[in-house]
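Following: one structure in structure tokens, then a few remarks.
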Amino acid sequence: MNPLFRIASVFAISALWSSPALATSTGITGQSGKDGTTCNTCHRGGAIPTVALEGPATLEPGATGQYTFIIQGGAAKTGGLNIAVDNAEASLQAGATGMKKLGTELTHSAAQPFTAGELRFSFTLVAPAKDVTLKLFAAGNSSNGDLGSDGDRAAATQLSVTVGKGTPVDVPGEEEEEEGEKDNGGGCAAAGSAPAWGLLLAGLALFRRRRS
């Protein structure tokens, strides 16, 4: 085999193996856990980090809430994230350096360095203009910073947010029961009045007989 061709083949194979890491180093979507998929599809082998979503669990319709996504532990050299919301009428906005909006989701614009074993990302959620209960999904990857996929690990978390009074809950049979109570009430009133009218008519007939 031609030596130049052999060298080119090695570089091509190396590029193929490294391309997932290079592609996700500037952000990725669809890995928040909302659809059951996280960064662990590609990253593997590292210690599992701890992740958390902090922010208000209740918002008024149309209000904006401030949230923070925190990654702690794991390889803890650099990290990235993906955040999504399960309501199309809600809107996410990147607030921290190193974050960006990609489609309707949030992700990292570049791998961010940990500080004292921790990495924080701030962002905002604009609530829909109606009562609803929605859910935030977030996954964070704690990597060893070598731009490869080995030795890294991600973890995911969720946060439910009640907007206004939340999503209305339908109780099966509740309306039928209320209607039944109304019908029974009317029926009882009508039946209860029948004996009274009967006694009145009987008394009137007796009075007429005595007068005659």
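The values are calculated or read from the model by the stated rules, or taken from the named source; none is laboratory data. Given the structure is predicted, the values throughout are model-derived calculations rather than measurements. We place every Cβ from the backbone using ideal geometry, glycine too, and count neighbours over all the protein chains shown.
So, in the range 108-156, exactly how many residues are closer than 15 Å to Q31 by Cβ and assigned to a strand (DSSP E or B)?
15
Might you check whether a residue that is modelled with pLDDT of 95 or more, closer than 16 Å to G62 by Cα and outside any strand (DSSP E or B) occurs anywhere in the range 90-107?
yes
Output the residues belonging to the range 22-81 that are of a type in the set (D, E) and within 14 Å of the chain's Cα centre (by Cα).
D35, E54
Which members of the range 53-89 meet the condition of being assigned to a strand (DSSP E or B), of a type in the set (A, V, I, L, M, F, W, C) and farther than 12 Å from L125 by Cβ?
I70, I71, L81
Considering only residues that are of a type in the set (D, E, K, R) and buried (at least 18 other Cβ atoms within 10 Å of the Cβ), look in the range 138-158 and name the one that is farthest from E105 (Cα to Cα).
The selected residue is D152.
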